[in-house]
Amino acid sequence: MKTAQPTWEDLNAYVDGELPDERAAEVAAALGRDPQLAEQVAALHRMKGSVGRLVTDAPVDLPRVEARRPSWLRGGLALAASLALVTLIGSLWMFLAAPPPAYAVWAERALTSHRAWPAGPQASAGEAQRLQLAAQRELGPAAFVPDLRAAGLTLSHLGAGPRADGRESLHLGYRGARGCRLSLFLLSGGLGLEEALQDLGSLDSGVGDSDARGHQPGAHEAVAWQANGLSVLLLAEGMDPSRFAEVSRRIFEASFQRKAFDSEVRQALRQNHQDSARCLV
Amino acid sequence: MKKVAGQGLARHRLEHYLDRLFGYAVSLAGDRETAAELLHDSVVKALSARRVPMDEPAYRAWLFRILRNGFIDRLRRDRSRSGVFDSQPAESVEAQDLRQLAGLRGDHQIVNVLTVKLALERLPVRHREIVALIDLAGLTYSEAAEVLDVPPGTVMSRISRARQALFMALNESNVRVLTKSSRPKSTGKESAL
């Protein structure tokens, strides 16, 4: 029978309520006899209580998780099924929904702007830096202007984007070395978007490529969300869907965190870029 | 606390543990930004899991294990920190150690939230983790054992060693504060810092 003086482990387990009843009774008896032990148990209780009060709210900018988060954007059969469904829903929605949401109208116009953005070479590093600073000045500290060079995309264009609800948006154009183009549109204020990635499906049902999603020439990917008071729209054409998914996920997360990509994210983007197929333009 | 999107039962069930998961993530990662990323990844995995334990203690342990595995995956990618979980030689707490701890016996003020937080931050991950699981997340020894994949008896040893280390860190902190020459003078207010 264990009746020895309580060990330090015993005292801890006693405070945690983890001792068997019999041993707990023995420890309690020992505490009654030994004021020093009792003080140690009291200190353990105080410390345990203090640690318990360290629980803080999870960060307010915790990205929200929707069923349509990037998991659906990744490859495989699930992707094919999802895209087919989204395309179908998108097509039906274009015909049946009236009027379309404000963000959908904005997105349609943004696609036009994206296509009107002239082809050209990637900006030099200095020019990209200048555009980055200009965009950040334009948007203010609330916005995050992503540096996508790790993903093989250089900020090469900064201009006015389409208006929505009387507000002018900003168009940031990123170019790859082999003709890839990705557009990021930022609009101050809400536009009915959620704080979650939303697949906008096929935007231009009247142009003829509404069923051309996937990695095909002319097929476009478009996602949008709201973050920190900004409406954000990201779209690209002819880009490997897995690459678009990775880039959009990273920008989505960064738009809430408002911080530059860390080395781990940059490495992931770099790896994704290497693993993905080249753009079809 | 912002709620995770959606109103489904799975999300509602998970929301209940978000703050404690975040506290555990901070104890592992050592900074809130990485912890937020860990939490995010864990939420995604938990919500996309096909099989979710129905029993609440098992569910709780399952959530914390997801987060821990995510952290370990990060460590594997970051080789410079791969030794963070290295096991240490077994320590035994002898009577002499207990007398050292007695320095805190009568000082109630030292054991407050701020000083505990600062002391906890100075501990190795292996100590922070077990303290976070037991005292912050509120897991039982058997639940923590499941998260850590060790016997419950090991949890009992680890938590006692970790608290010993925490007491020592508090004690060191106390001495430094009281003797530091740069301590603010004549403020009329005493600070735990």
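The values are calculated or read from the model by the stated rules, or taken from the named source; none is laboratory data. Small disclaimer: the values here were computed from a predicted structure and weren't measured. A quick note on method: Cβ atoms are made from the backbone with ideal geometry, for glycine too, and the neighbour counts reach across all protein chains shown.
Assorted remarks:
- When A:ALA224, A:ALA236, A:ALA268 are checked against the criterion of being part of a helix (DSSP H, G or I) and at pLDDT 85 or above, A:ALA268 stands alone in meeting it.
- Filter result for A:PRO162 (farther than 12 Å from A:ALA236 by Cβ and not in a strand (DSSP E or B)): no
- Residue count, region A:245-261 (criterion: exposed (fewer than 14 other Cβ atoms within 10 Å of the Cβ) and not basic (Lys, Arg)): 1
- Taking every residue in region A:17-41 that is in contact (Cβ under 8 Å) with a residue 24 or more places away in the chain and pairing it with any residue that is surrounded by 11 or more Cβ atoms within 10 Å (Cβ to Cβ) and among the charged types (D, E, K, R), at least 6 positions away or on another chain, the pairs with Cβ-Cβ distances below 8 Å are A:GLN40/B:ARG105.
- Failed item, numbered, when B:VAL150 is tested on (1) in a helix (DSSP H, G or I); (2) more than 9 Å from chain A (Cβ to nearest Cβ): (1)
- Selection status of B:VAL155, in a loop (DSSP other than H, G, I, E, B) and either modelled with pLDDT of 50 or more or in contact with a His (Cβ under 9 Å, 6 or more places away or on another chain) (or both): no
- Region A:17-45, residues that are at the interface with chain B (Cβ under 7 Å from one of its Cβ atoms) and out of contact with any Leu (no Cβ under 9 Å at 6 or more places or on another chain): A:GLU18
- Some residue of region B:90-106 being within 12 Å of chain A (Cβ to nearest Cβ), at pLDDT 50 or above and in a helix (DSSP H, G or I): no
- Residue match in region A:267-279 (condition: touching a strand residue (DSSP E or B) at 6+ places or on another chain (Cβ under 6 Å), surrounded by 22 or more Cβ atoms within 10 Å (Cβ to Cβ) and either more than 22 Å from A:GLU194 (Cβ to Cβ) or within 14 Å of chain B (Cβ to nearest Cβ) (or both)): no
- So A:GLY49, is it within 14 Å of chain B (Cβ to nearest Cβ) and at pLDDT 80 or above: yes
- Lone qualifier among B:ARG20, B:ARG60 - being modelled with pLDDT of 80 or more and within 9 Å of chain A (Cβ to nearest Cβ): B:ARG20
- Near pairs, Cβ below 6 angstrom, 6+ apart or cross-chain, from region A:134-153 (under 23 Å from A:SER263 (Cβ atoms)) to any residue that is of a type in the set (Ser, Thr, Tyr) and assigned to a helix (DSSP H, G or I): A:PHE144/A:SER255
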